[in-house]
Amino acid sequence: MVKHNVIVIGGGASGMMASGQAAGMGADTLLFEKMRLPGRKLGITGKGRCNLTNVASLPEFISHFGSSGIFLRQAFHRFSNDELAAFFEDLGVPTVAERGGRVFPISSQAGDVVDALRGWMQKQGVTVRWKVSVDSLLIEGRKVCGVRDLMGEAYPADAVIVATGGVSYPATGSTGDGYRLARAAGHSIVPVRPALIPLETEGDVAPRLQGLSMRNVNVSVLVDGRKQDETFGEMLFTHFGLSGPVILSLSGRVTDALDMGGRVTISIDLKPALDEHKLDERLLRDLDAHGKRKFQTLLEGLLPGKLIPVCMELTGIPPDRRGHQITASERKRLRTWLKDFRFEVTGTRPISEAIITAGGINTGEIDPRTMASRLVGGLYFAGEVMDIDADTGGYNLQAAFSTGWLAGRSAARQ
């Protein structure tokens, strides 16, 4: 029976990087991927464009991961966003930075990234076993010595890297296998929950606005009436509620609040560039300048067409009311609504639709300098299977690549 130096479980972003790095250092490396080909989830990231990383500085990068940022400092220091961009440049996939510092392949094709990684792994000498699921880790005396597949066949190895991802998008192969493997090895699992996930809301307002994208809005999360978080950017109304970059970034806070039984409200400031006073002055100017126009017509200069019927309904101002007839109290209702357009959150979409999974293997049980288990010798972890998650902007993929890079090289040295 052939013994491999390194076995990698999972062919996502972290698994492909880990296996290629290990093989490039001379280790006999075997990659197990349960799907027909590796990189399935990577191929659909960033709406098919693949937001690889972000140009943010290291301190800012770390801040996007909250409490798990400190754990990732070593990985980001060893393999940074600049080094990742250079890595893909060498593979023939040049990148470009766009709004918000997000980095994409110039081609805007995630498939180019996946193809480059597959080709690179092959050149590095990685052996890949397709459509094979790992059933268990083989551990003797607190030291990993290989894996066993679902058919009962054993594969000896000096080191094993678990890079199985979370539980989001199970059709791409992310079904939580890594949590089971880690738990069996003695690791604790931080409760898994959806992160970067759209929100479901009460009532029919969001469905009526389905497809409307709003840029440059400020969105706040209120829990039991008290503001807990806010961010600025772009959002989208859907048939079930709210989505888009701003909503996804705030969804972790929403998920935690819902789990605690809190009442969660989303407040949208449609005119964040104007404070209450300046907005009131703007409304007064418009009403004075166009006093003979109907309210519905006046709103065309303030709002997208789809929002106008909703605005008239929620403010209670008749659509045929002339500008010079609008009272001070009606103007106040309009001003308040523009600055505080609210939705009651009833839940999140299923965890299978989450862009990433929060929770996972407790990072306190992993050496941040190597990604090695502190409990079992020769066992390493990489990517989303660990309790690391950030908001949108390319941060999560960089974490997958950086931890994969570090785990692969560390395992090869062993």
Handout entry: Listed residues Leu397, Trp337, Val385: farthest to the positive end of the dipole of the stretch 296-414 (Cβ charges)
Key = Trp337
Problem - Degrees, to the nearest 10: 395-413 long Cα axis against longest axis of the chain - result: 10 degrees
Exercise for the section: Give me the lysines in straight-line cross-link reach of Lys3: C-alpha distance below 23 Å, same-chain residues under 8 apart excluded. Expected result: Lys34, Lys123, Lys131, Lys143
Practice task
For Asp90, tell me the accessible area in Å² from a 1.4 Å probe, rounded to the nearest 10.
Solution key: 130 Å²
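If you take every residue apart from Glu281 with its C-beta less than 15 Å away from the C-beta of Glu281, what net charge results, scoring Lys and Arg +1 and Asp and Glu -1?
Numbers: positive: Lys271, Lys278, Arg282, Arg285, Arg331, Lys332, Arg335, Lys339; negative: Asp275, Glu276, Asp280, Asp286, Asp288.
Net of charged neighbours comes to +3.
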Handout entry: Neighbourhood net charge (11 Å Cβ-Cβ; Lys/Arg +1, Asp/Glu -1) for Gly24
Key = +2
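Can you put His4, His277 in order of accessible area, largest first, using a 1.4 Å probe?
Values: His4 25, His277 120 Å².
Final ranking, largest accessible area leading: His277, His4.
Find out how many positive minus negative residues lie around Trp130, taking Lys and Arg as positive, Asp and Glu as negative, among other residues whose Cβ is under 14 Å from that of Trp130. Walk me through the numbers before you get to the answer.
Details: positive: Lys34, Arg36, Arg40, Arg118, Arg129, Lys131; negative: Glu33, Asp149.
Combined, the nearby Lys, Arg, Asp and Glu give +4.
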Exercise for the section: Would you rank Ile268, Ile44, Ile351, Ile106 by solvent-accessible area, highest first, keeping every protein chain in place and using a 1.4 Å probe? Expected result: Ile106, Ile44, Ile351, Ile268
Fill in the blank from the handout: Of every hundred units of 1.4 Å-probe accessible area on the stretch 1-134, the number belonging to carbon and sulfur atoms, as a percent, is 51 percent
Practice task
Quick one: what are the phi-derived ³J(HN,Hα) couplings along the stretch 39-49, Karplus 6.51/-1.76/1.60 with θ = phi - 60°, whole Hz, x for glycine and proline?
Solution key: x, 4, 5, 4, x, 10, 6, x, 6, x, 9
Problem - For Cys50, solvent-accessible area (1.4 Å; no DNA, RNA or ligand), Å² - result: 0 Å²
Handout entry: Among Leu406, Leu84, Val2 - extreme Cα towards positive end, dipole of the chain, charges at beta-carbon
Key = Leu84
Completion exercise
Helix 328-339 sits off the longest principal axis of the Cα atoms of the chain, rounded to the nearest 10 on a 0 to 90 degree scale, by 10 degrees
Exercise for the section: Work out from phi, with θ = phi - 60° and the Karplus expression 6.51 cos²θ - 1.76 cosθ + 1.60, the ³J(HN,Hα) of each residue of the stretch 363-376, listed in order in whole Hz, and give x for Gly and Pro. Expected result: 5, x, 9, 10, 6, x, 7, 9, 6, 7, 4, 7, 10, 10
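Let's see if you can work this out: charge +1 on each Lys and Arg Cβ, -1 on each Asp and Glu Cβ, no other charges. What is the dipole magnitude of the chain about its Cα centre, in debye to the nearest 20? Walk me through the numbers on the way to the answer.
Numbers: 48 positive and 45 negative charges, 82 e Å.
Rounded to the nearest 20 debye, it is 400 debye.
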Completion exercise
Put His239, His187, His290, His77 in order of accessible area, largest first, probe 1.4 Å, and you get His77, His239, His290, His187
Fill in the blank from the handout: In degrees rounded to 10, the 0-90 angle between helix 81-90 Cα long axis and the longest Cα principal axis of the chain is 70 degrees
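Which value, in debye to the nearest 20, gives the size of the charge dipole of the stretch 225-284 about its Cα centre, when Lys and Arg are +1 and Asp and Glu are -1 at the Cβ? Present the calculation step by step, with values, prior to reporting the outcome.
Numbers: 7 positive and 10 negative charges, 25 e Å.
The calculated dipole for the stretch 225-284 is roughly 120 debye.
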Exercise for the section: Using a 10 angstrom cutoff on alpha carbons, build the Gaussian network for the chain and name the most mobile of Phe61, Phe232, Phe104. Expected result: Phe232
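Excluding ligands, DNA and RNA, what is the solvent-accessible area per residue of the chain at a probe of 1.4 Å, expressed in Å²?
Numbers: 17750 Å² over 414 residues.
It amounts to 43 Å² per residue over the chain.
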Problem - Over 28 Å (Cα to Cα) - which of Lys227/Lys271; Lys47/Lys339; Lys227/Lys292; Lys306/Lys339 fall in this group - result: Lys47/Lys339; Lys227/Lys292
Exercise for the section: Might you work out the accessible area of Thr346 for me, using a 1.4 Å probe with all protein chains in place, and round it to the nearest 10 Å²? Expected result: 90 Å²
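When DSSP beta bridges are limited to those with both residues in the chain, what percentage is antiparallel, rounded to the nearest 5?
Details: 49 of 67 bridges.
Bridges in the chain are about 75 percent antiparallel.
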Exercise for the section: State to the nearest 20 debye the size of the charge dipole of the stretch 1-156 about its Cα centre, where the only charges are +1 on K and R beta carbons and -1 on D and E beta carbons. Expected result: 400 debye
Exercise for the section: Set Lys and Arg Cβ to +1 and Asp and Glu Cβ to -1, take the dipole of the stretch 6-70 about its Cα centre, and tell me which of Gln21, Leu37, Ala56 lies farthest positive. Expected result: Leu37
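The values are calculated or read from the model by the stated rules, or taken from the named source; none is laboratory data. The structure presented is a predicted model; accordingly, all values stated were derived computationally and were not measured. Note that each Cβ is placed from the backbone with ideal geometry, even for glycine, and that neighbours are counted across all protein chains shown. Side chains are part of the model used for accessible areas, which takes the heavy atoms of the whole protein and leaves out ligands, DNA and RNA. Shrake-Rupley method; radii C 1.70, N 1.55, O 1.52, S 1.80 Å.
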